[in-house]
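Working notes, beginning with the structure itself.
FYI, it's all coordinate maths here, none of it is from the lab. The structure presented is a predicted model; accordingly, all values stated were derived computationally and were not measured. We place every Cβ from the backbone using ideal geometry, glycine too, and count neighbours over all the protein chains shown.
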Amino acid sequence: MSILNSKSLFTLVFCFLLFEASSQHLNSKAEFESLDANQKIILYKSLADSVKIKNNSFLIKNFKENINEIKNITTLFKVKLAIAELNYLAGDYIQSVNVLNRTLDNKNNNLTASDSMSIYDNLKKSYYKLYLYPEIFEVNSKIQKLINNEVEYPLWSYNMNSKLYANLYQFDKAVFALKKEIKELKKSKNRDSLIIPSAYNDLGYYYFSSKKYDSALVNFNKSLEYADKSLKNISSEQYKQITAVVKGNIAGIYVNRKMYNEAIPLLLEDIAVGIESKLNIGSTVHSYNLLAICYLELGDFKKANEIFKNIKPLLIELPHNPAQVGYLKNKANYYNKIQNSDSSNYYYKEAFRIKDFMDKKGRNQILAGNELIYSITEEHRLLKKHETDLKNQELVLKNKQKNILVFFALLLLLLLALSLFNSYKLKKSRKEVRQKNKEITLKSEQVKIALSEKEVLLKEVHHRVKNNLQVISGLLELQNISVTDESVKLALKEGQNRIQSVALVHKMMYQSENVSKVNMQNYLEELLQVLELSYSNSQKHIQTRINAKDVDFDVTMAVPISLIVNEAVCNAYKHAFENKKSGNIEVAIIKEKERTYSLLIKDDGVGLPEEFDIKKLKSIGFDLIHGLARQLKGKLTVNGTSGTEIKITFSSITKDGRSSKNIDC
């Protein structure tokens, strides 16, 4: 785990937050409504992000109500950018992308090169949130072309390439890219005094992530030197903020090197500044976590416990945050050191649960996943064996007690003196049985805990398989950038879509409470949203309808179905609506009877040629659909008379891997 995880990317947040702290509030909604469009934009730009988020619905509604009345093209463009930003702040990244792309595609907007630069810069932010790295590569290439044509690029977006490589965990490339970006920053006459110290802090983070701690320390110290030169006498508040952050990062290196006493004063300074300013709670909690590690490793449990008390009220504003994971792991370590294993196990489980939603590092765990599945099966077998043993023990106990009572009654008739001896044996036997029951119960609890941990790890496998597929998709996009042949570009793009559809299956698996099933309604909705982003055209109005309610499949069924839907819907977007301004695409999974389903993909487009014959057609897409239908042991029919309709009837797969009923394809 990177010690600098929550404090390094990127220091520019302080500049933004310092501006935000002095920003204007929305005093009266009625006053806002009375302004004309241009005045609304001026007031909107002065608002803090927290105010925009609080009044998000009102602002979006108000901008949209008057959008058709705006005649000035420049003002209209600014209103659309504001609507896209409000959707972004509300977490509706897909809608933000839609607004920006429609604005970009509309030729009537007469966008300048500077307008296009603003749109691309905002698009990239939403793509990062959606993990659409291929699209980010494409946007970056367009931004670079504009930069080459001397279009001004926002200085605080200087880390265009280095940030992308960092998100793909290619930190050596991120270092190389950031060094070039810093050179360009130094040439700019318009840069503010905070940006260079911030950039060197980022460079220190990349070196740290590559485990080059000496180089990381050199660049953190450079950040402090530039802050002393450029900020100290200009903005004492910004100077205090940036130096506290960098010192906290240096303390992270000290903690990594087990130099706890050297780290403590730096962390205390960073925490004091963070509490005073209240600008970045995540950074403050992260420093608290590092401080807790220092006290735990130095054996000062009392101070460590005080740190936990300080952190807890801050975590209310940080749900599912790396700082929260650090806090939970530190608590688990604390209880482990004071030998409270129950509390330690609880906090470790909580840390793993939250980390499952955040961890972006993909590793190849396919072999480990197979071993994990085997282990879970083995644990189930052991649990059943223990349950059987427990029942046998209880039966033996009952029989033994009965025999003892009978024997005691007989002996009582013969000799009263022996009754005391038999009573002693009975008590001893019961004590042994109770001890065995305790041992069996303890083992059962251990097995249940192990099963819970394995389920968490199984989700982690799906998560990391998804991330591996995303990285592969990103690598294909890198290849696509260097290819000039349009047919090859198209093939690479189609390959990316296929990878994305499979990655989405694994994403649904690890996000679901039931890791063995995929909810097909939710999956198809998200898949068609992604395909709409890739193929939608602002000049055409294509509507999609999905009907797969109450249909859940395991990964062996979901993957081929996802690829079939991907191929058919992509084909519909590309070919079905030529010379048409609108159309409909429907995807449905219908349960015909027990274990028998129909997958239906149809559109109301131009349909198929009369001479169409799927057996004679040489198409990778239809070959893939045909092959996947055979994999499902399903019956494939294609009808192209009124639009195009693809129907596959298949049976669900039983636990032993066989179809309940084979249907020839």
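At-a-glance table
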read-out: Set of aspartates and glutamates near residue 309 by C-alpha distance (under 13 Å), chain-local residues within fewer than 8 positions excluded; value: none
read-out: Length-normalised contact order for the range 517-651 - Cα pairs under 8 Å, 6+ apart - percent; value: 24 percent
read-out: Prolate/oblate/rounded call for the range 35-153, Cα gyration tensor, a/c under 1.5 rounded; value: oblate
read-out: Simple spin-label estimate for residue 525 and residue 234 in nanometres, 7 Å along Cα-Cβ; value: 4.9 nm
read-out: Where labels lie 7 Å past Cα in the beta-carbon direction, separation of residue 620 and residue 68 in nm; value: 4.4 nm
read-out: DSSP-assigned coil residues among GluC sites (Glu not before Pro) in the range 58-152, each with at most 12 further Cβ atoms within 10 Å; value: 150, 152
read-out: Under 18 Å from residue 145, Cα to Cα: lysines that are on another chain or at least 8 residues apart; value: 124, 180
read-out: Amide H contacts under 5 Å for residue 584, placed H, 5+ residues apart; value: 543, 604
read-out: Theoretical FRET efficiency, 1/(1+(r/R0)^6), r = Cβ-Cβ of residue 110 and residue 444, R0 60 Å, to 0.05; value: 0.25
